[in-house]
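These notes concern the structure reproduced below.
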Amino acid sequence: MTLKLKNIYSKLYKEYGAQGWWPINGKYHKGNYDFPKNTREQFEIIIGAILTQNTSWLQVEKALKNLRKLKCIDAEQILKLDKEILKEAIKPTGYFNQKTEYLIRIAEFYNQLRGKTPSRKELLAVKGIGPETADSILLYAYKQPEFVIDAYTKRILTHNGLIDETANYNKLKEMFEKNIEKDFKTYQEYHALIVEHAKNHYQKKPYGEKLTAKK
DNA sequence: AGCCAGGCTACCG
DNA sequence: CGGTAGCATGGC
């Protein structure tokens with residue numbers, strides 16, 4: 001398994017190159033792992049992680065654009081903003097009633113941290129933060145080596161017969177973390193590469209190209 | 001015209 | 001515990 005997961009990574013990296021996740025200000029930053037460079041960028045990643053729940057990134061960009069206009073890529077400002085205006089701003093991402101509450105919770109939480117890196121457990125205790133969102137925040141906003149599992153990851157692994165359908169989030173996460181180098185840059189790239197590959201071959205059935213097949 | 005998108009909570013058995 | 005309805009908009 002170790003070899004397989006490493007081989008898949010090399011194959012994807014060769015095919016697509018460095019992805020430069022997470023996007024900041026609507027832009028990727030391929031091969032540059034210095035982001036976020038400040039707390040504003042860090043907070044942008046955090047709210048993006050919430051807004052993208054079961055939602056395409058295109059929609060998230062629209063919401064972030066609205067929030068930028070409102071000077072709300074900032075925890076204090078989000079808490080000051082009228083709730084109805086906040087709802088309107090994030091409408092393009094869907095589930096805007098829930099997500100409005102989630103943004104307020106995470107803004108309060110972020111303020112309490114006062115710059116400290118949160119633990120995974122603390123993040124999971126915030127309403128609206130589940131395992132994938134927590135790991136995305138830790139990996140991309142805080143550069144912590146926490147592997148992110150999403151629907152694509154599971155789809156690709158099951159399609160390639162590397163894991164059975166019943167595997168849950170933690171089992172998948174554990175599998176990656178045990179078998180690849182524990183390094184936040186590798187984790188960032190691997191997850192991003194999986195998403196890129198899935199967008200190309202796994203959005204609609206029949207699911208494409210098996211990663212384990214030889215060329 | 002459906003189906004799906006970088007999920008989570010609440011509630012069910 | 002594991003399983004699932006409901007949440008909602010917009011792109012393709």
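A short reminder: the numbers here are calculations on the coordinates, not readings from a lab. Bear in mind that the values here come from a model prediction, so they are computed numbers and not experimental data. All Cβ positions, even for glycine, are placed from backbone atoms using ideal geometry, and neighbour counts span all protein chains on display.
Take the Cα gyration tensor of segment A:123-164, multiply each eigenvalue by 5, square-root it, and list the three semi-axes largest first, rounded to whole angstrom. Please report the intermediate quantities before stating the final value.
Details: eigenvalues 113, 29, 9 Å².
One finds semi-axes of 24, 12, 7 Å for segment A:123-164.
The calculated FRET efficiency for A:LYS27 paired with A:LYS87, based on their beta-carbon distance and R0 = 30 Å, is about 0.65.
Determine, for A:LYS37, A:LYS11, A:LYS99, the number of other Cβ atoms within 10 Å of each Cβ, and report the residues in order from fewest to most. Spell out each step's value before the answer.
On the way: A:LYS37 11, A:LYS11 15, A:LYS99 22.
Fewest-to-most Cβ neighbours within 10 Å comes out as A:LYS37, A:LYS11, A:LYS99.
What is the gain in length, in nm to one decimal, between A:ALA125 and A:LYS71 on full extension, counting 0.36 nm per residue of separation less the C-alpha to C-alpha distance? Show your work: numbers first, answer last.
Values: separation 54, 0.36 × 54 = 19.44 nm, distance 2.72 nm.
Gain in length upon complete extension: 16.7 nm.
Pairs of Cα atoms nearer than 8 Å and 6+ residues apart set the relative contact order; for chain A it is 25 percent. Using only Cα atoms, find the angle between the long axis of helix A:39-51 and the longest principal axis of chain A, and express it within 0 to 90 degrees, rounded to the nearest 10. Once rounded, one gets 70 degrees. Under the simplified labelling scheme, the A:LYS199-A:TYR13 pair shows an inter-label distance of 2.1 nm, with each label point 7 Å from Cα along Cα→Cβ.
Based on DSSP H segments of at least four residues, each scored -39500 (n - 2.57), chain A has a per-residue ellipticity at 222 nm of -17000 deg cm²/dmol.
If we sort A:179-186, A:46-53 on the protection proxy, mean other Cβ atoms within 10 Å, highest first, what's the order? Don't skip to the answer; put the middle values down first.
Values: A:179-186: 13.9, A:46-53: 23.9.
In decreasing order of mean packing, A:179-186, A:46-53 become A:46-53, A:179-186.
Between A:TYR169 and A:GLU108, take the C-beta separation as r, use R0 = 25 Å, and let me know the FRET efficiency to the nearest 0.05. E(calc), rounded to 0.05, equals 0.45.
Each part gets one Cα centre, and for segment A:107-180 versus segment A:32-59 those centres are 14 Å apart. Taking 29 Å as the cut-off for C-alpha to C-alpha distance, list the pairs among A:LYS99/A:LYS182; A:LYS65/A:LYS173; A:LYS99/A:LYS178; A:LYS65/A:LYS171; A:LYS62/A:LYS199; A:LYS143/A:LYS204 that go past it. Going by Cα-Cα distance, A:LYS99/A:LYS182; A:LYS65/A:LYS173; A:LYS99/A:LYS178; A:LYS65/A:LYS171; A:LYS143/A:LYS204 fall outside the 29 Å limit.
Note that segment A:39-141 shows a convex hull volume over its alpha carbon atoms of 83 Å³ per residue.
Compute the convex hull volume of the Cα atoms of segment A:106-215, divide it by the residue count, and report the result per residue in Å³ as a whole number. Could you put the intermediate results ahead of the total?
Working: hull volume 13.5 nm³, N = 110.
Output value, Cα hull per residue: 123 Å³.
Relative to the longest principal axis of the Cα atoms of chain A, helix A:2-16 runs at roughly 70 degrees.
Which whole-number percentage describes the relative contact order of segment A:39-141, with Cα contacts under 8 Å and a sequence gap of 6 or more? Each step should come with its number before you reach the end.
Values: 99 pairs, mean separation 34.1, N = 103.
For segment A:39-141, the relative contact order is 33 percent.
Please report, to one decimal in angstroms, the Kirkwood hydrodynamic radius of chain A built from all distinct Cα-Cα pairs. Radius from the Kirkwood sum: 18.0 Å.
Over segment A:100-184, what is the mean sequence separation of C-alpha contacts under 8 Å (at least six apart), divided by residue count, expressed as relative contact order in percent? Please report the intermediate quantities before stating the final value.
On the way: 52 pairs, mean separation 19.4, N = 85.
It rounds to 23 percent for segment A:100-184.
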